[in-house]
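J.: Right, I'll just put the structure down here and ask away after.
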Amino acid sequence: MGGRRIIKAAALLIALGYSSLLVYQGGVNFNFQESRSVQVADLSIEPVTKTTTLDSGQSKNITLDDIFISVKTTKHYQHTRLPILLKTWFQLAKKQTWFFTDIDNQQLQNQTNGHMVNTNCSASHQRKHLCCKMSVEYDHFLESGKKWFCHFDDDNYVNVPRLVSILKTYNHQEDWYLGRTSVYEPVKIYKKPTSKLLFSFWFATGGAGFCISRSLALKMLPVASGGRFISICEGIRLPDDVSMGFIIEHLMKKNLTRVPEFHSHLEQMKLLSPETFRDQISFSYSKSKNGWNVINVPGFDTRYDPTRFLSLHCFLFPHFKFCPR
Ligand code: UDP
Ligand code: MN
């Protein structure tokens, strides 16, 4: 008991040490589409220097059951975005998919066979609250014992068989951070007041989805588990997906592997051609004052299916009951 308490206290001290070292004191120079750069007064964190020896590139026999699919959602979208997911791709990964939300809803709990997790994080789009959800997603993955952690947003369509077939080509016992970048340059961290570049790193856009192997997720445990992820986010004052990149690329010294089959609505969805839909892992949609940014897929009327996810699902899996015969 005593030993356990000491270990806990030591872990807490390490976490506090990290978060206080990461205190951000500079101004943010932020231009999302082109680059992300941040100025900091001092960032004296020592990244992990140990390099891991990787096995041979041999792929492991991964099945859907080895993947923890986590979807970030919120009470604001439980009657709009969520029903589309539940009707479509969730049906192909019911046992492997978990939704991280901010409210209790018994009806959704019944529909998902208890796969709604109330994170007790606030329902807002603020950095802190989104980081809170990501932190809970990561902790649930660790507890699940699964081989891959794949995060998606609730405006993603996940092409389940393709997610599996791509993960089959990577070894979960090696350190892998798979995703898509949506910036042209890495995030740059400067030292103030000299403006000397301290370091830079890439991150996978959360809105396209990304996957982390268990081996890597376990290495992140001392800095990211048990809510420590939130401290890191707060320390560098960057969004959850960027903070994930910071932890993995800068602290763990593992590079993001670009997997172009992940897609977010920061891209023009209509540029994806239907002949390639089967090859993609994720899709997205968004609505702005200029209209919808959606994939161009034949199917249902746009008034019934504005996001095009129902049509996409029938395009990929025409045997589904709701699909036209
Ligand atoms: N989200 C949330 N709480 C909110 C708003 C959004 O958890 O108050 C989640 C949402 O469910 C989605 C992600 O954050 O999974 C991104 O939200 P959204 O697509 O609305 O914004 P984006 O960041 O893509 O512009
Ligand atoms: Mn979005």
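J.: Can you pull out every residue in segment 135-158 that is away from ligand 1 (no atom under 16 Å from the Cβ), touching a His at 6+ places or on another chain (Cβ under 8 Å) and not in a loop (DSSP other than H, G, I, E, B)?
T.: TRP148
J.: So, of the residues in segment 283-299 that are part of a strand (DSSP E or B) and of a type outside the set (Ser, Thr, Tyr), which turns out to be surrounded by the most Cβ atoms within 10 Å (Cβ to Cβ)? Full working, then the answer.
T.: Taking segment 283-299 and keeping what is part of a strand (DSSP E or B), we get 283-284, 286-288, 291-293.
Now restrict to residues that are of a type outside the set (Ser, Thr, Tyr): 283, 287, 291-293.
Working: PHE283: 28, LYS287: 13, GLY291: 8, TRP292: 15, ASN293: 16.
Among those residues, the one meeting the criterion is PHE283.
J.: Testing PRO161 on (1) in contact with a helix residue (DSSP H, G or I) (Cβ under 7 Å, 6 or more places away or on another chain); (2) away from ligand 1 (no atom under 16 Å from the Cβ); (3) farther than 13 Å from ALA208 by Cβ, one condition comes back false. Which one is that?
T.: The one condition PRO161 does not meet is (1).
J.: Follow-up. All but one of (1) surrounded by fewer than 21 Cβ atoms within 10 Å (Cβ to Cβ); (2) in a strand (DSSP E or B) hold for ILE212; state the number of the condition that does not hold.
T.: Among (1) surrounded by fewer than 21 Cβ atoms within 10 Å (Cβ to Cβ); (2) in a strand (DSSP E or B), ILE212 violates only (1).
J.: Based on what the data block shows, is SER122 within 16 Å of ligand 1 (Cβ to nearest atom), farther than 17 Å from THR63 by Cα, at pLDDT 95 or above and assigned to a loop (DSSP other than H, G, I, E, B)? Give the derivation first.
T.: Working: within 16 Å of ligand 1 (Cβ to nearest atom): yes; farther than 17 Å from THR63 by Cα: yes; at pLDDT 95 or above: yes; assigned to a loop (DSSP other than H, G, I, E, B): yes.
In short, yes.
J.: Is segment 192-206 home to any residue that is within 16 Å of ligand 1 (Cβ to nearest atom) and assigned to a helix (DSSP H, G or I)?
T.: Yes, segment 192-206 contains at least one residue that is within 16 Å of ligand 1 (Cβ to nearest atom) and assigned to a helix (DSSP H, G or I).
J.: Select from segment 228-273 the residues that are small (Gly, Ala, Ser) and away from ligand 2 (no atom under 16 Å from the Cβ) and write down the one among them that is nearest to GLY291 (Cα to Cα).
T.: Applying the first criterion (small (Gly, Ala, Ser)) to segment 228-273 yields 231, 235, 243, 245, 264, 273.
Next cut, away from ligand 2 (no atom under 16 Å from the Cβ) only: 231, 235, 243, 245, 273.
Working: SER231: 37, GLY235: 37, SER243: 31, GLY245: 31, SER273: 20 Å.
So, considering only residues that are small (Gly, Ala, Ser) and away from ligand 2 (no atom under 16 Å from the Cβ), the one nearest to GLY291 (Cα to Cα) is SER273.
J.: From THR302, THR307, which residue is more than 22 Å from GLY206 (Cα to Cα) and either of a type outside the set (D, E, K, R) or part of a strand (DSSP E or B) (or both)? Outline the logic, then answer.
T.: Numbers: THR307 fails: more than 22 Å from GLY206 (Cα to Cα).
Only one candidate qualifies: THR302.
J.: Sticking with this structure for a sec: Quick one: THR307 ticks every box in (1) surrounded by fewer than 21 Cβ atoms within 10 Å (Cβ to Cβ); (2) within 16 Å of ligand 1 (Cβ to nearest atom); (3) among the β-branched types (Val, Ile, Thr) except a single one, so which number is it?
T.: The one condition THR307 does not meet is (1).
J.: I need every pair where a residue in segment 280-295 that is free of Cβ contacts under 8 Å to residues at least 60 places away in the same chain has its Cβ under 6 Å from the Cβ of a residue that is within 15 Å of ligand 1 (Cβ to nearest atom) and not in a loop (DSSP other than H, G, I, E, B), sequence separation at least 6 or different chains.
T.: ASN293/MET269; ASN293/SER286; VAL294/MET269; ILE295/MET269; ILE295/PHE283
J.: Yes or no: HIS319 modelled with pLDDT of 95 or more, farther than 21 Å from ARG180 by Cα and part of a helix (DSSP H, G or I)? Walk me through how you get there before you give the answer.
T.: Working: modelled with pLDDT of 95 or more: yes; farther than 21 Å from ARG180 by Cα: yes; part of a helix (DSSP H, G or I): no.
Taking the combined requirement at face value, the residue does not satisfy it.
J.: Out of GLN126, GLN96, which single residue is without any contact (Cβ under 8 Å) to a residue 60 or more places away in the chain, surrounded by 23 or more Cβ atoms within 10 Å (Cβ to Cβ) and not β-branched (Val, Ile, Thr)? Break it down into steps so the answer makes sense when it comes.
T.: Values: GLN126 fails: surrounded by 23 or more Cβ atoms within 10 Å (Cβ to Cβ).
That would be GLN96, the only listed residue that is without any contact (Cβ under 8 Å) to a residue 60 or more places away in the chain, surrounded by 23 or more Cβ atoms within 10 Å (Cβ to Cβ) and not β-branched (Val, Ile, Thr).
J.: Is it the case that segment 195-202 has a residue that's away from ligand 2 (no atom under 16 Å from the Cβ), under 30 Å from PHE309 (Cα atoms) and crowded, with 18+ Cβ neighbours inside 10 Å? Step through it out loud before you land on a result.
T.: Step one: filter segment 195-202 for residues away from ligand 2 (no atom under 16 Å from the Cβ), giving 195-202.
Next cut, under 30 Å from PHE309 (Cα atoms) only: 202.
In the following step, the residues that additionally are crowded, with 18+ Cβ neighbours inside 10 Å were identified as 202.
Yes: segment 195-202 contains one or more residues that are away from ligand 2 (no atom under 16 Å from the Cβ), under 30 Å from PHE309 (Cα atoms) and crowded, with 18+ Cβ neighbours inside 10 Å.
J.: Scan (1) part of a loop (DSSP other than H, G, I, E, B); (2) within 26 Å of THR169 (Cα to Cα); (3) within 16 Å of ligand 1 (Cβ to nearest atom) for the single condition ASP241 breaks and write down its number.
T.: ASP241 satisfies all of (1) part of a loop (DSSP other than H, G, I, E, B); (2) within 26 Å of THR169 (Cα to Cα); (3) within 16 Å of ligand 1 (Cβ to nearest atom) except (1).
The values are calculated or read from the model by the stated rules, or taken from the named source; none is laboratory data. Please read all numbers here as calculations on a predicted model, not as lab measurements. Positions of Cβ are backbone-derived with ideal geometry, glycine not excepted, and every protein chain shown enters the neighbour counts.
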